[in-house]
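Q: Below is the structure I would like to discuss, written out as structure tokens.
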Amino acid sequence: GGGPFLTRYKPQSKVSQLESQAAALFDVKHVLAVTSGTAALHTAYVAADVGCGDEVIVPGYTFAATAMAVVVTRGIPIWCEIDESMTIDPVDLERKITPRTKAIAPVHMNGYVCNMDSIMEIARKHGIQVIEDCAQACGASFRGRRIGTIGDLGCFSISAYKTTGGGEGGMIVTDGDDLYARAQQWSEGGGLWRPIRCEKPRWDGELFCGLNYRMSELEGTVLLVQFRKMEAQLNRWRTNKRRIMSTLAVYKELTPQVIHDINGEMGYTIGFFPENAQESELVVAALRAEGIACGTRGQNPGSDWHYYQHVDMILQKMPATSDGCPWDCPKASEAAAVEYSPDMCPRSVDLTNRHVNVHVDQWWTECDCDQVAAALTKVFDALYTRGGSCYNSWLDDVIPFDR
């Protein structure tokens, strides 16, 4: 009797169906649905065996959870510069590697994909694991491969305010059998997922204490529908962005944001850099006067946990427990000696303060896109000097998409 038994342990589990659907969609062997993007990061770091004294390199532009989840696993986050793609800078990344580096956490911010070729080359050269943070770019790809499937593990946030989401949820993807088993163990209460729950360990290290990050059946039901919409959403964003960009000239005083894969990025923003933060405020004010949705950090930005210099819990070394671990820990003496400061990644501060983001809506018509392009051109022509056609060169090899 009674109502429906909403649990993933039943054959008709919606969460299990979601995992199978996502595995096919992302062309990956294993998918594990969890409660949030932060839970996905925490689980992935545990699966990668990040622990006391281990360093994880994190870009200075990301949501704070990418770094805070490292601390929760007793690891040490190491801030790294970004470049003009607004993603992790491979050059500074390699500079930050030490014998204690356990993992790299590239973050695909605002739908733009990282330079995964360079990142993977560096990681394999040094024998370091790569844990992709894909919270803001679900469905994007790099050179034909879905992001999240290029590194050792990929982490997704699929909450209500993400491009694909509904409610609150997260997801981990991997082709690694051992990584998947460890992720299951951690997120499923220390072994609840096992066919015979209380069976003795079947191999060394199979069992260890874990938490409950299990996605609910209600969330899984919503996301089954949402994932079916993902490709159509991506096509609309990309088509609209390309239509706008195809008409734009380049200006001597503006630097377009670097795009590592024009065919693979999400397409929901257009980014560029004026010469200084004062200029970024000026152009944003002019664009908003034309009805363009856009934003910039500017000269006097407020606190925001997407920027490393405001994440006081890391900069001031604030762990959850009074023992001070991971920074005040005998096993982590060398790693714990790292010093943080708000100016430790000056290039990231400069780029994020100057960067201008223009919103692209997936539901715009061709007429809407043309009006946005005209407004951009009007403002740019009034403020800057034309000097080339760099935007157009980005579009030379674009693959057509159906609307």
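Q: Hey, does the range 212-224 have a residue that's in contact (Cβ under 8 Å) with a residue 40 or more places away in the chain, assigned to a helix (DSSP H, G or I), under 20 Å from Gly111 (Cβ atoms) and not small (Gly, Ala, Ser)?
A: Initial filter on the range 212-224 (in contact (Cβ under 8 Å) with a residue 40 or more places away in the chain): 213-224.
In the following step, the residues that additionally are assigned to a helix (DSSP H, G or I) were identified as 217-224.
Now narrow it down to the ones that are under 20 Å from Gly111 (Cβ atoms): 223.
Right, trim to not small (Gly, Ala, Ser) and you get 223.
Yes, there is a match, as at least one residue in the range 212-224 is in contact (Cβ under 8 Å) with a residue 40 or more places away in the chain, assigned to a helix (DSSP H, G or I), under 20 Å from Gly111 (Cβ atoms) and not small (Gly, Ala, Ser).
Q: May I ask you to list the residues in the range 234-256 that are closer than 16 Å to Ser85 by Cα and buried (at least 22 other Cβ atoms within 10 Å of the Cβ)?
A: Within the range 234-256, the subset closer than 16 Å to Ser85 by Cα is 254-256.
Passing the criteria: only Leu254.
Q: Between Asp133, Asp117, Asp92, which is surrounded by fewer than 21 Cβ atoms within 10 Å (Cβ to Cβ), modelled with pLDDT of 95 or more and within 21 Å of Val311 (Cβ to Cβ)?
A: On the way: Asp133 fails: surrounded by fewer than 21 Cβ atoms within 10 Å (Cβ to Cβ); Asp117 fails: within 21 Å of Val311 (Cβ to Cβ).
When all the criteria are applied, what remains is Asp92.
Q: Answer with yes or no whether Met318 is without any contact (Cβ under 8 Å) to a residue 24 or more places away in the chain and within 30 Å of Arg182 (Cβ to Cβ).
A: Numbers: without any contact (Cβ under 8 Å) to a residue 24 or more places away in the chain: yes; within 30 Å of Arg182 (Cβ to Cβ): yes.
The answer is yes for Met318.
Residues checked against (1) modelled with pLDDT under 95; (2) of a type outside the set (D, E, K, R):
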| site | (1), (2) |
| --- | --- |
| Ile270 | no, yes |
| Phe273 | no, yes |
| Ala277 | no, yes |
| Cys294 | no, yes |
| Met318 | yes, yes |
| Asp323 | yes, no |
| Pro326 | yes, yes |
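Q: Would you confirm whether or not the range 306-318 contains a residue that is part of a strand (DSSP E or B) and within 23 Å of the chain's Cα centre (by Cα)? Lay out the reasoning, then the answer.
A: The first filter runs over the range 306-318 and keeps only residues part of a strand (DSSP E or B), leaving 307.
Within this subset, residues satisfying the condition of being within 23 Å of the chain's Cα centre (by Cα) are 307.
Within the range 306-318, one or more residues are part of a strand (DSSP E or B) and within 23 Å of the chain's Cα centre (by Cα).
Q: Have a look at Ser141, Ser118 and point out the one that is touching a residue at least 40 places away in the same chain (Cβ under 8 Å) and of a type in the set (Gly, Ala, Ser).
A: Working: Ser118 fails: touching a residue at least 40 places away in the same chain (Cβ under 8 Å).
After ruling out the rest, the residue left standing is Ser141.
Q: Can you name every residue in the range 283-308 that is surrounded by 16 or more Cβ atoms within 10 Å (Cβ to Cβ), of a type outside the set (Val, Ile, Thr) and farther than 23 Å from Trp79 by Cβ?
A: Within the range 283-308, Ala286, Leu287, Cys294 qualify.
Q: Scan the range 341-370 and report the pairs whose first residue is touching a residue at least 12 places away in the same chain (Cβ under 8 Å) and whose second residue is surrounded by fewer than 14 Cβ atoms within 10 Å (Cβ to Cβ) and in a helix (DSSP H, G or I), with Cβ atoms within less than 6 Å and a gap of 6+ or a chain change.
A: none
Q: Something else now. Considering the range 79-94 alone, what residues qualify as being within 20 Å of Leu315 (Cα to Cα) and of a type outside the set (Phe, Trp, Tyr)? Quick ask: steps written out before the conclusion?
A: So the first thing to find is which residues in the range 79-94 are within 20 Å of Leu315 (Cα to Cα), and the list is 79-82, 88, 92-93.
If the condition is that a residue be within 20 Å of Leu315 (Cα to Cα) and of a type outside the set (Phe, Trp, Tyr), then Cys80, Glu81, Ile82, Ile88, Asp92, Leu93 are the ones that fit.
Q: Next up: Taking the range 232-251 as the region of interest, how many residues are among the hydroxyl-bearing types (Ser, Thr, Tyr) and in contact with a helix residue (DSSP H, G or I) (Cβ under 6 Å, 6 or more places away or on another chain)?
A: Residues of the range 232-251 among the hydroxyl-bearing types (Ser, Thr, Tyr): 239, 246-247, 251.
This time we only want the ones that are in contact with a helix residue (DSSP H, G or I) (Cβ under 6 Å, 6 or more places away or on another chain), so: 247, 251.
Final tally of qualifying residues: 2.
Q: Is it the case, given these coordinates, that Thr269 is β-branched (Val, Ile, Thr) and more than 25 Å from Glu81 (Cβ to Cβ)? Quick ask: steps written out before the conclusion?
A: Values: β-branched (Val, Ile, Thr): yes; more than 25 Å from Glu81 (Cβ to Cβ): no.
The answer is no for Thr269.
The values are calculated or read from the model by the stated rules, or taken from the named source; none is laboratory data. Here the structure is a predicted model, which means the values were calculated and not measured. Neighbour counts are summed over all protein chains in view; Cβ atoms, including those assigned to glycine, are modelled from backbone coordinates with ideal geometry.
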